[in-house]
2 protein chains.
Amino acid sequence: MSWNRFFATAFVAVSILTISTGSFAQNIGKAKAERLEARIKALGEFGKNDDGGVDRVAYSDADKAGRTHIIAELEALNLDVRIDAAANIIARRNGSNNTLKPILFGSHIDSVPGGGNYDGPTGVMAAIEAIQLLNEAGHTTQHPLELVIFSNEEGGLVGSLAMTGKLKPDALNVVNASGRSIGDGTNFIGGNTDNLASAQVAPGTHEAFIELHIEQGGFLDQESLDIGVVEGIVGIGWWDVTIEGYANHGGTTQMNNRRDAMVSAAELTLAINKIANDLPGRQVATVGRIQAFPGAPNVIPGRVVMSLEIRDLEQEKIDQVYAAVEQAAKAIAAKNTTPIGFEYLDVASEPAPTDPRMRKIIENATQKMGYTYKHMPSGAGHDAQDMVHLAPTGMIFVPSVGGVSHSPNEFTTPEAMAKGTDVLVHTILAIDDGALNN
Amino acid sequence: MSWNRFFATAFVAVSILTISTGSFAQNIGKAKAERLEARIKALGEFGKNDDGGVDRVAYSDADKAGRTHIIAELEALNLDVRIDAAANIIARRNGSNNTLKPILFGSHIDSVPGGGNYDGPTGVMAAIEAIQLLNEAGHTTQHPLELVIFSNEEGGLVGSLAMTGKLKPDALNVVNASGRSIGDGTNFIGGNTDNLASAQVAPGTHEAFIELHIEQGGFLDQESLDIGVVEGIVGIGWWDVTIEGYANHGGTTQMNNRRDAMVSAAELTLAINKIANDLPGRQVATVGRIQAFPGAPNVIPGRVVMSLEIRDLEQEKIDQVYAAVEQAAKAIAAKNTTPIGFEYLDVASEPAPTDPRMRKIIENATQKMGYTYKHMPSGAGHDAQDMVHLAPTGMIFVPSVGGVSHSPNEFTTPEAMAKGTDVLVHTILAIDDGALNN
């Protein structure tokens, strides 16, 4: 709109003054909790379900409508909005020196099926609020700013993977809960898979990348802390574990004459839990899926297949947990005469540490605001784990009430979102002031 | 055939002599192993599968063809064959005094999907061999003899349940692996569901019922015994067990902050196994089916549903095991904050003890033949468990090699079948001589 363009010009004029004084950033207002909350609620109308959450799965009609709604908000803030070939939304605010690398920040707005209103949108609304605060203060950064909304985060970090050039061509055929494939869905929401390579971003293109996100765990909430300075995104090891017993009649086979795969699976499940619990550190291990074969109540299971997932910020720790699990499995297999095999699945991901300088900058911004914080890993995957390969990357966590996520019950208070936004703004400003080079 | 009718008349003439001497039974020949084996193999052609077993599920084309084949064998032995309204095949051999109650014996020929050649057919072939031995010896019993082949044993003891009048009308709508419902299938193989009540047999109609069957367990084989004198068919208690945890992100939820339904399910599975193992007695308990919800590798299960089946010859023991399991579940639920609920399913059955007089008669027949034996429960269900309500019932077990059943690998040696047949013949003769009244 021409009205917005007018103000944009005005802001640029003011920002020149900012640079010259070097202290204008102190006049940036604090984030407005009620505005963040209002934007969360407005977006929550798209894909709203009866449980109080959203079904805004990537590529769904709700996702497309939600994106249109957000693009209008971005344009209202006088940003130049474009959609790249991978359907990432990128909204640019020029800097005073557009030869400098853009500072990139953002998150996603797609949800899991039956998801909540905060996983993703919190980071996007914080980014929008940050832009609005800069606009209101009339502050133009030296670096251009780019606000990014990655496409299909929940379905495999599609948008950010495309930026790194690592999205596999096969992935385009994968159909998600929207009923559309990644390829068709990308085009449906404004991308162009014929030109997917154009979405690729060369390492070093951006000055930095910052993602604000809800913690999804319960640490910050339990310890009443405002901010999590994310040390990195944990790596994930994923195995299918197969326990072989001997299927036999559950009525005629006496207890001391069984090779019951289910009993061995139970012993292994407890061993996995104990290993992950007992080792020092923050590793986690989960058995989330299990199936017994043939699966009849009156047949002793001859085979059980279950999943094993191990996560940690360090690959060595993942390896250490797995080695201990494998050793426990060997003992159980021998004791019960039920061979146990592990199949490593290639869907796993490596740990993605954030940039130590970025952590320090976020920590300083938090301290400057007088907010409480801790350093912590991200147990969940995020687009940031792809972005670490492209730019110095940092992540800011805000508390999830009760540690709940991927649920209609996920919640982050407006005040907590506002504090996170303040840290985001001051992180951007510090980077703009050259903090990465200090 | 008229040729057979001629011999039948001749046998009746001879049998009168038998009664008068009271010792003619000594001239009955021993069962012929090769003849039993040949009949097993001939039937095995119907529904034969690539694994070396059979798919002769009740109501399938293979079941119907197999029944036609067996009916021809029965008629060749000069029996009067009829099919009752429940599609049970009943083949009668008149006695010298047809006002006496018939002695009933038999088993079934239908298989489970992917079943073997011995579960069911062994008892039917033994019954046919018994008739043939009597024919060859020219021995006519005082009581009429009736050989029964029950319909759809594997799909819920349908034929014998119909005889007791306890087959529920709803059951007729249940479709089995043949693709036919019990109602349609019964009619397909020669029954008449419009007249199902006519299949009902009043208690006291028969002098006795005897079923020979493979053990399906490994006791006789392990202990190198010839015969199992069956004390009764175990009762079955069946529950669905639901463990409630809290579904949460497997990456962001630390180990000490989980309410993992899968971990509690594993603890309960091991507790069930230990309880059934540790109590004195022959009770068994099995967890054969399990499902975790939502069932994703990266989500801590918020709910696990698993089956619990407990079997014993005494209802009190089933109750005792269940009470111990329930107590263990309470402790696990409290420790892990994962409520555990038990839903009793009405598919269970009560213990069905055999008649003590029948056990003694079978034991005497076994001793007379010089065969080794033991008294034992049947862990599997059999038509005999319905027949206990209609007549003094006995069961004869022959060894299953390796205790394998419901598998293409189930096997009983021809010699073992022959020994079982000898015991069957001499049990019939003893009953015919009034042993039940001694």
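Quick note: the coordinates plus some simple rules give every number you see, no bench work behind them. All of these numbers come straight from a predicted model, not from anything done at the bench. For neighbour counting, all protein chains shown are included, and Cβ atoms are generated from backbone atoms with ideal geometry for every residue, glycine included.
Worth a mention:
- Treating r as the C-beta distance of B:ASN257 and B:HIS389 and R0 as 41 Å, the FRET efficiency rounds to 0.15.
- With a 10 Å cut-off around each Cβ of A:213-220, the average count of Cβ atoms from other chains is 3.
- Three-way shape label, the range B:103-217, alpha-carbon gyration tensor, a/c 1.5: oblate
- The phi-based Karplus calculation (6.51 cos²θ - 1.76 cosθ + 1.60; θ = phi - 60°) puts the 3J(HN,Hα) values of the range B:162-177 at 4, 4, 7, x, 9, 6, 6, x, 4, 4, 4, 8, 6, 9, 9, 5 Hz, whole numbers, x for Gly and Pro.
- Beta bridges assigned by DSSP with both partners in chain B are antiparallel in approximately 65 percent of cases.
- Fewest-first sequence of A:SER224, A:SER181, B:SER198, A:SER264 by Cβ atoms within 10 Å of each Cβ: A:SER224, B:SER198, A:SER181, A:SER264
- Once each of the GluC sites (Glu not before Pro) sitting in a DSSP loop with at most 14 other beta-carbon atoms within 10 Å is removed, chain A keeps A:224-438 as its longest stretch.
- The mean count of C-beta atoms from other chains within 10 Å of the C-beta of residues in A:379-387, rounded to a whole number, is 2.
- Prolate/oblate/rounded label for the range A:372-438 (Cα gyration tensor, a/c 1.5): oblate
- With the gyration tensor restricted to C-alpha atoms of the range A:235-344, the semi-axes of the equivalent ellipsoid amount to 28, 13, 10 Å, longest first.
- Summarising the amide proton neighbourhood of A:VAL284: residues at separation of 5 or more, or on other chains, whose placed amide H is nearer than 5 Å comprise A:ARG311.
- In this Cβ point-charge picture (+1 for Lys and Arg, -1 for Asp and Glu), the range A:80-237 has a dipole of about 620 debye about its Cα centre.
- Gyration tensor (alpha-carbon) shape descriptor, the protein assembly as shown, a/c threshold 1.5: prolate
- For residues of B:227-237, the mean tally of beta carbons on other chains within 10 Å: 1
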